[in-house]
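The values are calculated or read from the model by the stated rules, or taken from the named source; none is laboratory data. Predicted model only: the values in this text are computed from it and were never measured. Quick reminder, even Gly has a Cβ in these numbers, built from the backbone with ideal geometry, and neighbours come from all protein chains shown.
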Amino acid sequence: MMTEQEKKQKKKKEGVKVTVKYDFIPELIGKLVAVEVDGKDDFLSGMIIDNSTFWIKFQDVNGRIVYLNKAYLKSIIPLK
């Protein structure tokens with residue numbers, strides 16, 4: 001059986017290291033885009049406001065804020 005100190009040292013050694021993945025979305029923040037969402041036939045037009053690991057904060061042309069899960073996005077097309 002392990003002592004408390006050995007358990008702590010083992011946890012430190014097994015520490016999960018997070019690697020940052022750089023994706024294309026930061027260059028699209030604040031720009032007009034058209035987004036195709038799985039399950040819808042038409043595109044959503046608006047602006048990407050913020051980006052997180054699984055979600056995109058999106059403002060449509062009417063000013064409504066929508067959070068889109070990245071798993072359901074088919075395509076993001078920059079406008080202009």
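Restricting attention to the stretch 37-80 and to residues that are more than 14 Å from the chain's Cα centre (by Cα) and of a type in the set (G, A, S), the residue that is modelled with the lowest pLDDT turns out to be G39. Can you find even one residue in the stretch 21-36 that is under 14 Å from S75 (Cα atoms), over 10 Å from the mean Cα position of the chain (by Cα), exposed (fewer than 14 other Cβ atoms within 10 Å of the Cβ) and at pLDDT below 90? Yes; the residues of the stretch 21-36 include at least one that is under 14 Å from S75 (Cα atoms), over 10 Å from the mean Cα position of the chain (by Cα), exposed (fewer than 14 other Cβ atoms within 10 Å of the Cβ) and at pLDDT below 90. Taken over the stretch 37-80, the residue count meeting the criterion of being of a type in the set (S, T, Y) and exposed (fewer than 10 other Cβ atoms within 10 Å of the Cβ) is 1.
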